[in-house]
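A.B. asks: First the structure, which I've put down as structure tokens, then a few questions once you've had a look.
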Amino acid sequence: MSCLYKVNEIFYSLQGEGYHTGHAAVFIRFSGCNLSCSFCDTDFSVYRELSASEITAQAKSLCPNDPVPPMIVLTGGEPTLQVDAELIEALHVAGFPLVAMESNGTHRPPENLDWLCVSPKCKTEVKHCDELKLIFDGSGRINTYGITADHYYLQPCDTGDGQRNAAIVEECVEYIKRHPAWQLSLQTHKLVGFK
């Protein structure tokens with residue numbers, strides 16, 4: 001019997017942050033997480049149980065009739081709590097050339113994953129990733145939890161307060177100017193107004 005995955009939503013949009021900003025992507029948002037971050041944007045009480053073939057079919061149905069398929073972004077919640085090699089392989093077989101994951105790094109992802117973005121909040125199992133993204137809250141404290149990466153991003157925290165957000169962005173920019181190994185990641189989907 002095939003595994004069932006708790007899926008919060010599947011939608012087609014543009015990647016709004018990090019290394020792949022601006023790329024067309026099918027987002028598969030999984031329900032459930034082992035952390036409780038105050039800024040999380042996922043309602044974990046809403047989900048459907050879907051098989052790998054059902055997820056793949058829904059992802060394919062959202063894609064335009066174009067020879068270049070979009071990337072897949074596995075997100076959550078914490079996708080490593082559910083995503084396995086079987087699901088990633090099903091997405092590859094369906095023609096998706098790049099399967100990326102956004103994770104908190106507390107669990108190791110499957111080996112056949114193409115791209116891993118880690119946004120750590122505590123000690124992690126992951127020691128290296130393609131993209132390390134830290135939420136910058138203006139405190140000046142940067143903790144990578146010992147993770148190394150090919151690409152380093154600081155993302156200003158969205159507090160919901162316009163004045164505080166502007167101050168955090170300014171502090172983040174100044175931090176990056178002093179530490180040029182980091183790059184700025186803005187949540188362009190929120191700035192421009194798309195999902």
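A.B. asks: Return a whole-number percent for the relative contact order of region 70-119, with Cα pairs under 8 Å and 6 or more residues apart as the contact set.
C.D. replies: That works out to 43 percent.
A.B. asks: With a sphere of radius 15 Å drawn around the Cβ of residue 111, what net charge do the other residues whose Cβ falls strictly inside it have (Lys, Arg +1; Asp, Glu -1)? Please report the intermediate quantities before stating the final value.
C.D. replies: Numbers: positive: 108, 127; negative: 84, 86, 89, 114, 125, 130.
With Lys, Arg at +1 and Asp, Glu at -1, the net is -4.
A.B. asks: Once R0 is set to 30 Å, what does the formula 1/(1 + (r/R0)^6) return for the Cβ-Cβ distance between residue 143 and residue 63, expressed as a FRET efficiency to the nearest 0.05?
C.D. replies: After rounding, the FRET efficiency stands at 0.20.
A.B. asks: Anyone know which of 119, 185, 53 comes out most mobile in the 10 Å Cα GNM of the chain?
C.D. replies: 53
A.B. asks: Follow-up. Per 0.36 nm of contour for each residue apart, how much would the distance between residue 21 and residue 175 grow if the chain were fully extended, relative to their Cα-Cα spacing?
C.D. replies: Taking 0.36 nm per residue and subtracting the Cα distance, the gain is 53.3 nm.
A.B. asks: For labels at residue 158 and residue 89 in the simple 7 Å Cα→Cβ model, what's the distance in nm?
C.D. replies: Output for this residue pair reads 3.7 nm.
A.B. asks: Between 111, 89, 125, which gets the highest mean-square fluctuation from a Gaussian network model of the chain, Cα cutoff 10 Å?
C.D. replies: 111
A.B. asks: May I pose another question? What's the local net charge at residue 55, with K and R +1, D and E -1, over the other residues with C-beta under 13 Å away?
C.D. replies: Taking every Cβ under 13 Å from that of residue 55, the sum is -2.
A.B. asks: Comparing 148, 75, 106, which has the greatest mean-square fluctuation in the GNM of the chain with Cα pairs linked when under 10 Å apart?
C.D. replies: Highest fluctuation among the options: 148.
A.B. asks: Separate question: On a 30 Å Cα-Cα criterion, which of the cross-link pairs 60/177; 60/127; 121/177; 60/121 come out too long?
C.D. replies: On the way: 60/177 42 Å; 60/127 33 Å; 121/177 24 Å; 60/121 33 Å.
Among 60/177; 60/127; 121/177; 60/121, the Cα-Cα distance tops 30 Å for 60/177; 60/127; 60/121.
A.B. asks: Residue 178: accessible area at probe 1.4 Å, nearest 10 Å²?
C.D. replies: For residue 178, the solvent-accessible surface is approximately 150 Å².
A.B. asks: Sticking with this one: Let me check I've understood the local charge: for residue 147, count other residues with C-beta under 15 angstrom from its C-beta, Lys and Arg +1, Asp and Glu -1. What total comes out?
C.D. replies: That works out to 0.
The values are calculated or read from the model by the stated rules, or taken from the named source; none is laboratory data. Computed from a predicted structure; not experimentally measured. With ideal geometry, Cβ positions are generated from the backbone for all residues, glycine too; neighbour counts draw on all protein chains shown. SASA here: full protein model, heavy atoms, side chains in, ligands and nucleic acids out. Shrake-Rupley method; radii C 1.70, N 1.55, O 1.52, S 1.80 Å.
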